[in-house]
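Okay, so here's the structure we're looking at.
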Amino acid sequence: MTDKHPQPNRSQQNSHVGFRKSLLSSLVLLSVASLTACGGSGDDTPKPEQKIYPAYTDIRASGGDTTTFDASESGHGFSTPAPNLSADELALHLEGDLSFETAFTTAPNSAHPELDGLGPVFNNADCNSCHQRDGRNSTPIVPAGKSRIKLGSEAGIFLRISKAPNEPCTIGTAANDYCAPIPVPDFGGQLFHRGVLQARDDWQQNQFIGQADVYLSYETKQVIYSDGSSVTLKKPVFDVENPYDAPGETKASSNLTSNLLQDDVLMGWRNGMPVFGLGLLEAIPEADILANVDAADSNNDGISGRANFVFDAVKAKAGDSNPVSLGRFGWKANTPSVRVQSLGALRGDMGITNPLFPDESIAGTALHNSYLTRTGFVDTGAGVDGEPEASAEFSDSVVFYAETLAVPARRNVENSDVREGARLFEQLNCSGCHTPSFVTQASGDIGGSEMIAGHKSQTIYPFSDMLLHDMGDELADGRPDFLADGNEWRTRPLWGIGLTQTVNPQAGFLHDGRAATLEEAILWHGGEAEKSQQDFMVLTAEERAQVIDFLMSL
């Protein structure tokens with residue numbers, strides 16, 4: 001008789017047992033998962049956030065072998081010679097230090113002819129006045145109860161001036177003066193608010209006044225964070241009055257006659273910069289800087305750095321048929337080398353001619369011609385020996401000094417808030433413009449001279465891409481400078497920035513000194529930096545403080 005319910009064979013029995021075990025295991029796992037999801041007996045401890053810190057978080061030697069570790073709390077933190085100089089180099093550096101602090105006098109000075117030649121119009125009489133203790137100059141203060149002040153000898157800020165071009169200049173050639181700013185007739189490219197005693201025709205009423213009077217006032221606005229806290233920002237406003245070619249005139253005068261006060265004259269205010277680490281920035285390979293150019297913003301991060309290519313007086317003097325170089329220095333990257341920057345300031349800011357710039361800053365203007373005729377002073381830019389007012393030896397020492405100042409080491413790198421600030425700095429994409437590091441070139445000439453041995457193959461952390469960026473309308477001066485437009489500024493290196501107000505408590509930040517704190521400087525960022533600025537504003541108060549702590553460690 002056939003069994004209606006046949007028993008499975010051993011193979012089938014084993015298969016069914018395996019299935020039951022598998023089912024039971026699945027039910028157990030499902031049960032555990034359900035209990036865990038409902039707050040049951042499973043391990044519900046939240047996993048800690050995995051934080052990734054950028055590679056530069058723990059770096060201390062910002063300037064490679066040129067770093068000084070002895071400047072942390074010193075008022076002379078920017079004034080230390082690079083520690084890797086040879087004995088001969090150190091001697092030249094110290095000679096340059098004396099030259100940097102030399103105060104010049106009116107010509108002629110028969111007792112000290114090596115000091116004469118100041119002016120006849122100028123902004124300051126020595127390098128140190130614009131770069132106090134080799135850092136930033138003091139921001140002028142408008143006293144309570146006054147609406148404005150007149151700038152005088154205390155100001156390290158000056159004014160670039162030029163005529164508005166008919167159209168943007170995009171490729172520099174000899175025919176268009178390499179896109180250089182167009183000088184204001186009878187004034188030039190920089191406004192000199194100070195002068196020697198008889199600089200002007202009307203010197204009895206305007207003693208020690210230069211091309212014009214400059215007045216400073218401030219406008220303020222308030223920025224409110226998402227947590228309700230606020231910061232008051234101040235913006236400097238400069239008024240230019242009483243120009244030498246039309247005494248007493250102001251912009252409000254009817255029938256303006258002064259060349260300086262015409263509507264097509266552009267004015268851009270400049271604050272003196274720190275001068276340490278310049279030789280290292282000069283030694284960054286050009287190709288490495290240009291590798292970060294992203295004019296079309298191809299990666300869609302909102303950042304589109306551009307290079308400025310500028311007239312190079314060193315190349316021109318050497319007879320180069322195309323005297324153009326990558327701009328590296330100045331607020332708009334408008335100078336190519338430490339030599340051009342230093343000796344251009346010697347002639348421009350002080351009126352001291354030198355081998356690279358042998359002509360007076362106001363040569364050929366009505367003011368200079370009148371001064372020479374009225375006074376009989378021989379102040380044509382050449383001494384009694386026919387040579388420029390600053391000798392080649394003096395000039396070389398000043399350049400070498402600016403090239404070989406040590407970079408201060410970072411501080412407090414182990415501090416947890418500093419480390420968190422480094423992470424947030426990266427998260428905010430501040431490093432999109434403030435490129436942390438470069439390696440200097442291993443050999444070759446720099447700025448027309450043999451490369452300094454101690455600058456070769458150094459890994460440095462300047463936190464700048466050395467490129468131009470649109471920083472928005474609030475910071476714009478509207479004045480083009482070679483290929484830079486009126487909204488663009490070179491990324492400011494951040495190394496040493498935490499010691500700025502240790503070196504000079506009255507120093508301000510940004511191109512015109514408007515920001516009294518690093519927080520204020522961040523809040524002024526716009527244009528390509530606006531997203532980073534907006535992201536900073538929605539951080540918690542603790543996180544914002546951590547970003548500042550990181551910057552203060554640099």
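The values are calculated or read from the model by the stated rules, or taken from the named source; none is laboratory data. Nothing here was measured: the structure is a model prediction, and the numbers come from that model. Note that each Cβ is placed from the backbone with ideal geometry, even for glycine, and that neighbours are counted across all protein chains shown.
Observations on the structure shown:
- Qualifying residues in region 515-531 (those that are part of a loop (DSSP other than H, G, I, E, B) and over 14 Å from the mean Cα position of the chain (by Cα)) - the one nearest to Gly305 (Cα to Cα): Gly526
- Among (1) crowded, with 17+ Cβ neighbours inside 10 Å; (2) in contact with a Leu (Cβ under 7 Å, 6 or more places away or on another chain) - the single one Asn259 does not satisfy: (2)
- Filtering region 321-330 to residues that are within 30 Å of Cys430 (Cβ to Cβ) and of a type in the set (Ser, Thr, Tyr) leaves only Ser325.
- Residue tally, condition touching a residue at least 24 places away in the same chain (Cβ under 8 Å), out of contact with any Asp or Glu (no Cβ under 6 Å at 6 or more places or on another chain) and not charged (D, E, K, R), over region 209-232: 13
- Residue satisfying all of: in region 138-162; surrounded by 15 or more Cβ atoms within 10 Å (Cβ to Cβ) and β-branched (Val, Ile, Thr); nearest to the chain's Cα centre (by Cα) among these: Ile157
- Put simply, of Thr2, Thr36, Thr45 the only residue that is touching an Asp or Glu at 6+ places or on another chain (Cβ under 7 Å) and either at pLDDT below 95 or surrounded by fewer than 14 Cβ atoms within 10 Å (Cβ to Cβ) (or both) is Thr36.
- Number of the condition not met by Leu494 [criteria: (1) buried (at least 20 other Cβ atoms within 10 Å of the Cβ); (2) touching a strand residue (DSSP E or B) at 6+ places or on another chain (Cβ under 8 Å)]: (2)
- Of all the residues in region 295-320, those that are under 30 Å from Ser431 (Cα atoms), at pLDDT 95 or above and either charged (D, E, K, R) or in a strand (DSSP E or B) (or both) number 5.
- For the condition in a loop (DSSP other than H, G, I, E, B), within 27 Å of the chain's Cα centre (by Cα) and within 21 Å of Gly210 (Cα to Cα), Ala103 qualifies.
- Filtering region 423-447 to residues that are part of a loop (DSSP other than H, G, I, E, B), at pLDDT below 95 and buried (at least 18 other Cβ atoms within 10 Å of the Cβ) leaves only Gly447.
- Screening Gln534 against (1) part of a loop (DSSP other than H, G, I, E, B); (2) of a type outside the set (D, E, K, R); (3) without any contact (Cβ under 8 Å) to a residue 40 or more places away in the chain leaves a single unmet condition, (1).
- Every test in (1) surrounded by fewer than 22 Cβ atoms within 10 Å (Cβ to Cβ); (2) modelled with pLDDT of 95 or more is passed by Ser226 save one, and that test is (2).
Results for (1) over 20 Å from Phe550 (Cα atoms); (2) of a type in the set (S, T, N, Q), shown as yes or no for each residue.
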| residue | (1), (2) |
| --- | --- |
| Arg423 | no, no |
| Asn429 | no, yes |
| Cys433 | no, no |
| Phe438 | no, no |
| Ile446 | yes, no |
| Gly454 | yes, no |
| Tyr461 | no, no |
| His469 | yes, no |
| Glu474 | yes, no |
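- Taking the criterion of being of a type in the set (S, T, N, Q) and surrounded by 12 or more Cβ atoms within 10 Å (Cβ to Cβ), the residues of region 200-223 that qualify are Asn206, Gln207, Gln211, Ser217.
- Cβ-Cβ under 9 Å pairs, at least 6 apart or on other chains, region 449-466 side within 20 Å of Pro81 (Cβ to Cβ) and surrounded by fewer than 22 Cβ atoms within 10 Å (Cβ to Cβ), far side modelled with pLDDT under 95 and of a type in the set (D, E, K, R): Met451/Asp445
- Checked against the criterion of being buried (at least 23 other Cβ atoms within 10 Å of the Cβ) and more than 30 Å from Pro408 (Cα to Cα), the candidates Gly117, Gly135 yield just one match: Gly117.
- From the list Ser138, Ser129, the one residue that fits, being in contact (Cβ under 8 Å) with a residue 24 or more places away in the chain, closer than 29 Å to Asn369 by Cβ and among the hydroxyl-bearing types (Ser, Thr, Tyr), is Ser129.
- The one condition in (1) within 26 Å of Ile497 (Cβ to Cβ); (2) charged (D, E, K, R); (3) at pLDDT below 95 that Asp385 fails to fulfil: (1)
- Annotation note: Cβ proximity below 7 Å between a residue of region 497-526 that is under 21 Å from Phe276 (Cα atoms) and a residue that is part of a loop (DSSP other than H, G, I, E, B) and of a type in the set (Val, Ile, Thr) (sequence gap 6+ or interchain) occurs for Gln506/Thr139; Ala507/Thr139; Gly508/Thr139; Gly513/Thr139.
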